[in-house]
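Encoded as structure tokens, the structure appears first; notes follow it.
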Amino acid sequence: MTTLITGGAGFVGSHLVDSCVQRGEHVIVMDNLSTGNLRNLERALKTGRATFVYCDVATTVDRLREEILSVSKEPLGQIYHLASPASPEAYNANPWETLTVNGIGTMSLIELALEHGARMLFTSTSEVYGDPLVHPQPESYFGNVNPIGPRACYDEGKRFGEAAMAVAISGRGLDGRIVRIFNSYGPRMDIGDGRLIPALFAAARDGRPFPIHGTGLQTRSMTYVDDLIAGLLAVQAWKPGGVSPVNLGSEEEYTVLEIAAAFAQTLGIELATVSLPARPEDPQRRKPVTSLARSIGWTAETTLREGLRRSYDWFRTEALQFA
């Protein structure tokens, strides 16, 4: 089977590439390296079962078709669309690009999937719920999102991508799936991307207090990347029978201060924090209802402390050289 993974050089995408390669699939990785890194693909490329294509997927289906044909004449069996900036720093620095990859890119990939008869999975986000007024958040919740706010390029880009998938599934026969990812973390995160876990690692590396935006009482459900990849594979193999977005996230809910404290404990250091201004429109509570994911056999199994330990082991040896 030939599988196309967009954004496959990124944090989550590269782990998915590794998993698909290990399953014996031939993987075409399409990425413009705006936030991804070829180092993340070294292991997969060495197997000969992964091929890298430098391309911005926010383009026409004709261009995507040409790029695919340049490396493979085999039909696509699966498409995973992960291409998009995902951290506030990345999408606020590239708001137009964030909108186009989730809008134009998604629509072009849908056309490609229909041409090939391929199964397509679109990775959306818990950000579609905005700053939720319903807690925890079920897939049926419509969200509380500001369409012209400082996070709109990402929130609304993903919401548009979901709408495009829904129309294609309902009206055009697309074999499609939508997942909503909650706060993933783990090895291969970019130390400078500004999200909570990399920011804590960077502060520890530099001997600085941990940066805490706002009160630190806002909650997150941190999902370790290995669990997330298992979830993506499970949803792709599932037969939803319609438009059914699936929450993928841990059911462990912690405040940002509790996460910082757990991280300090993992490193064996005293907890020291510095207060920073709150991020604009930062969601105050975040926790998924995962009954649908559980019904298809998936649940997040890695505890926060275990995930932090594995992440620290990687950052220490591969990225930050703590010791």
Notebook entry, point to check: If we only count helices (runs of 4 or more DSSP H) wholly inside region 80-146, which ones have 1 or more residues that are surrounded by fewer than 18 Cβ atoms within 10 Å (Cβ to Cβ), among the small types (G, A, S) and in the same structural domain as D62 (by TED's automatic domain parsing)?
Noted result: 88-93
Checklist line | Residues (under 13 Å from the mean Cα position of the chain (by Cα), part of a strand (DSSP E or B) and small (G, A, S)) located in region 171-200 | finding: S184
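Looking for something within 22 Å of N37 (Cα to Cα) and surrounded by fewer than 15 Cβ atoms within 10 Å (Cβ to Cβ) - is there at least one such residue anywhere in region 272-294? Give the steps one after another, and end with the answer.
As a first pass, look at region 272-294 and keep what is within 22 Å of N37 (Cα to Cα): none.
No, the conditions are met nowhere in region 272-294.
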Checklist line | Failed item in (1) in contact (Cβ under 8 Å) with a residue 40 or more places away in the chain; (2) touching a strand residue (DSSP E or B) at 6+ places or on another chain (Cβ under 7 Å); (3) not small (G, A, S), with N144 passing the rest | finding: (1)
Margin query: Go through region 69-107 and report how many residues are over 20 Å from the mean Cα position of the chain (by Cα) and touching a residue at least 12 places away in the same chain (Cβ under 8 Å).
Written below: 7
Next item on the list: Quickly run through region 195-210 and pick out the residues that are buried (at least 17 other Cβ atoms within 10 Å of the Cβ) and of a type outside the set (A, V, I, L, M, F, W, C).
Entry: R195, P198
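Output the residues belonging to region 1-35 that are of a type outside the set (D, E, K, R), closer than 19 Å to R63 by Cβ and touching a Phe, Trp or Tyr at 6+ places or on another chain (Cβ under 9 Å). Show your work before the answer.
Going through region 1-35, the residues of a type outside the set (D, E, K, R) turn out to be 1-17, 19-22, 24, 26-30, 32-35.
Applying the additional criterion that residues be closer than 19 Å to R63 by Cβ yields 2, 4-9, 28-30, 32-34.
L4, I5, T6, G7, G8, A9, I28, V29, M30, N32, L33 - these are the residues of region 1-35 that are of a type outside the set (D, E, K, R), closer than 19 Å to R63 by Cβ and touching a Phe, Trp or Tyr at 6+ places or on another chain (Cβ under 9 Å).
Please pick out the residue among R310, R294 that is in contact (Cβ under 8 Å) with a residue 12 or more places away in the chain and assigned to a helix (DSSP H, G or I). Steps first, please.
On the way: R294 fails: in contact (Cβ under 8 Å) with a residue 12 or more places away in the chain.
It is R310.
Any chance region 68-77 includes a residue that's part of a strand (DSSP E or B) and either β-branched (V, I, T) or modelled with pLDDT under 95 (or both)? First the steps, then the outcome.
Our first condition is that a residue be part of a strand (DSSP E or B); within region 68-77, this holds for 76-77.
Going one step further and asking which of them are either β-branched (V, I, T) or modelled with pLDDT under 95 (or both), we end up with none.
No, region 68-77 contains no residue that is part of a strand (DSSP E or B) and either β-branched (V, I, T) or modelled with pLDDT under 95 (or both).
The values are calculated or read from the model by the stated rules, or taken from the named source; none is laboratory data. All values derive from a computational prediction rather than experimental measurement. Note that each Cβ is placed from the backbone with ideal geometry, even for glycine, and that neighbours are counted across all protein chains shown.
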